[in-house]
Structures are given as structure tokens and as C-alpha cells.
1. Take each of the peptides 50-62, 82-94, 99-111, average the number of other beta-carbon atoms within 10 Å over its residues, and list them starting from the highest.
2. Determine the sum of side-chain charges near residue 110: Lys and Arg each +1, Asp and Glu each -1, restricted to other residues whose C-beta is under 13 angstrom from that of residue 110.
3. Given an 8 Å cut-off on Cα distances and at least 6 residues of separation, report the relative contact order of the chain as a percent.
4. Taking the Cα centre of region 1-155 as origin, sum charge times position over the Cβ atoms of Lys and Arg (+1) and Asp and Glu (-1), and report the length of that vector in debye to the nearest 20.
5. State which stretch of the chain is the longest one without any exposed trypsin sites (Lys or Arg not before Pro), exposure meaning a DSSP loop state and at most 13 other Cβ atoms within 10 Å.
6. How much length, in nm to one decimal, is gained on full extension between residue 48 and residue 74, taken as 0.36 nm per residue of separation minus their Cα-Cα distance?
7. Note down the net charge around residue 87, summing +1 for each Lys or Arg and -1 for each Asp or Glu among other residues with Cβ under 13 Å from its Cβ.
8. Quick one: with all protein chains in place, what share of the accessible area of the chain is carbon or sulfur, to the nearest percent (1.4 Å probe)?
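The values are calculated or read from the model by the stated rules, or taken from the named source; none is laboratory data. This one's a predicted model, so the numbers in the text were calculated from it and none came from an experiment. So basically every Cβ, Gly included, is an ideal-geometry build from the backbone, and we count neighbours across all protein chains shown. The area values use the complete protein model at the heavy-atom level, side chains included, leaving out ligands, DNA and RNA. Shrake-Rupley method; radii C 1.70, N 1.55, O 1.52, S 1.80 Å.
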Amino acid sequence: MRFLEDMRVGQRREIGAYTFTAENIVAFAEQFDPQPFHLDEEAGRNSLFGGLAASGWHIASACMRLLVLERQQEAAAEAARGEPVAVWGPSPGFRDLRWIKPVLAGDTITYANVVESVRPSDSRPEWGIIQARNTGTNQRGELVFSFLATAFVPRRAAAE
């Protein structure tokens, strides 16, 4: 269960992996980030990236999708066990977004989440606030993506 009281600094969870194909890199770029090195293999090879590179926003969007899917699966499992489902609140933001290494066509990025801080909310006693570092690592074990997210998490007493 994912109530504030269940969270511990240092908790790590693997949230899934995503493979960036040439097709999905170009499709995302055409719609959201139409820069030449995201749209064309030759332009990518001639850029600092050295190949068709995924948009940083594509890398972040894949992470977000996996975070949401992982939480939905966890909520379904909680409900199936007859446990109270922890419905998380919104995020007031993030910081320290870093695209550390290029993600090229064919790379598979594995995403993880590590809790860095846990505290009750001062103004809303039914909620807590966590900060967690979200990271993406390529198939060679290289860190390619990172950001620190903040989220409102319900307290167990509020769910009972």
C-alpha cells in the first residue's frame, strides 16, 4: 500500500522499461519537438548526438506513462485484496530535470523511482508530501535521465 506511512527514505521501485525505436522517436518529434536530429537519421548522425536522438520530452513522457501505469496496477491489486486504495494527489512540481546522455534509436531505458524525503503536510493533515528521484538507465547501465519529483500522498488515517 502506498500511503505516507508506508513510504521510507531510500525505497526503490523499478517502474518499467521503454524501447525508443526510430519510428516512435520520429512520431513524437513530428508532433511535439520537430527538431532535425529528432526527425532524420542523417541529421542526427551529423549532430552532437551521433544518431537519431529521442526528444528529452519523449524520454520524460515515457517515464510518466510508466509511473501512472505502475500506480494503476498497484491500486487494482490493493482493491482486489480488499485493502483501502491510496489515491495520490497532484504533484506541485519537479526540479533538477537532467537529460544526461542522448537516447538513440534502439536504446531501451529502464526507469526507477527512489524516495528521498517523506513528511506530513503542514497545512493539510490528511496528506503528506514525498520527494522522489526518478531516473532512466540505458541498456549499458548508463544514467541518461533524472529529475526530482514532489507528490502529495494520502495519510492512512484519512482513508479509514
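1. Result, highest mean Cβ count within 10 Å first: 50-62, 99-111, 82-94.
2. -1
3. The value is 31 percent.
4. I would put it at about 520 debye.
5. Maximal segment without exposed cleavage sites: 9-80.
6. Fully extending the segment from residue 48 to residue 74 adds 5.3 nm.
7. Charge balance near residue 87 sits at 0.
8. Whole-percent figure for carbon plus sulfur exposure: 55.
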